[in-house]
Amino acid sequence: MINTASLIGMTLPSWASHLENKLAPPPLLLVQAFVNTVDLDLRTDVLALADEARAWLADAGLRAPELPDFAADLQLTRDVRASLRAMIARNTHGQPLTEAELRPLAQVTSQARPRLEITADGQVRLETGDPARRVTDGLAGLLLTIRDAQADGSWDRLKLCGNPDCRWAFYDRSHSRRGAWCEMASCGNRLKNRSLRARRAQSAEAAGSAAG
Ligand SMILES: [Zn+2]
């Protein structure tokens, strides 16, 4: 019931409306929402069609919608999403990032010009509300959020679901930090049942060959 509890008192922003449970705390929530714009299970992708992608990126504050060259920006955004998913996958399987996964991130860090602002209550943060925000600056903001999450330890709790057909990014609030499924009922049990069926089939086969 942790998932339900974490939703209490928190209205999901429209850019996170595709998330249901196991939500990361803001601002990491935006990283989670971004990488989950692709849904392998439902075979949907918010970034597949230009109009929908442009609207989502604007809504999430990652890119001003009226800027030119959207096709190139969209390609970079999709590539960065794949790279961030690879970074999250590292939190469980620990494989180093490949050259191809690092390349779009290097493009962002070399082109971004993030600007800081200090709020009246003394908080240092990336300037928000820039009406002309370029996508490289928006994506660099995600990288800064990841850096903060790595510093406070919350990054390690962002994981991809262990079901290879799902790979949904979820936030593991479990005490043991060993959560492996976006949802036990849908993915955990489905895989358990699958391996149970495989074991049963195997032992039936073994029994069959022993009898024959
Ligand atoms: Zn799953």
- Message: For the structure I just gave you, tell me whether Thr109 is without any contact (Cβ under 8 Å) to a residue 40 or more places away in the chain, farther than 21 Å from Ser83 by Cα and among the hydroxyl-bearing types (Ser, Thr, Tyr).
- Response: no
- Could you say whether any residue in region 116-129 is in a helix (DSSP H, G or I), free of Cβ contacts under 8 Å to residues at least 24 places away in the same chain and open to solvent by 80 Å² or more (accessible area, probe 1.4 Å)? no
- Filter result for the condition that a residue is at pLDDT 95 or above and part of a loop (DSSP other than H, G, I, E, B), over Leu97, Leu102: Leu97
- Would you call Trp155 within 16 Å of the ligand (Cβ to nearest atom), among the hydrophobic types (A, V, I, L, M, F, W, C) and either touching a strand residue (DSSP E or B) at 6+ places or on another chain (Cβ under 7 Å) or modelled with pLDDT of 95 or more (or both)? no
- Note on the structure: Flagged in region 130-167 as in a helix (DSSP H, G or I), of a type in the set (Lys, Arg) and open to solvent by 60 Å² or more (accessible area, probe 1.4 Å), in numbering order, are Arg147
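The values are calculated or read from the model by the stated rules, or taken from the named source; none is laboratory data. Note that this is a predicted model, so its numbers are computed, not measured. Every residue, glycine as well, gets a Cβ built from its backbone with ideal geometry; the counts of neighbours run over all protein chains shown. When the accessible area is computed, the model is the full protein with side chains, heavy atoms only, and any ligands, DNA or RNA have been set aside. Shrake-Rupley method; radii C 1.70, N 1.55, O 1.52, S 1.80 Å.
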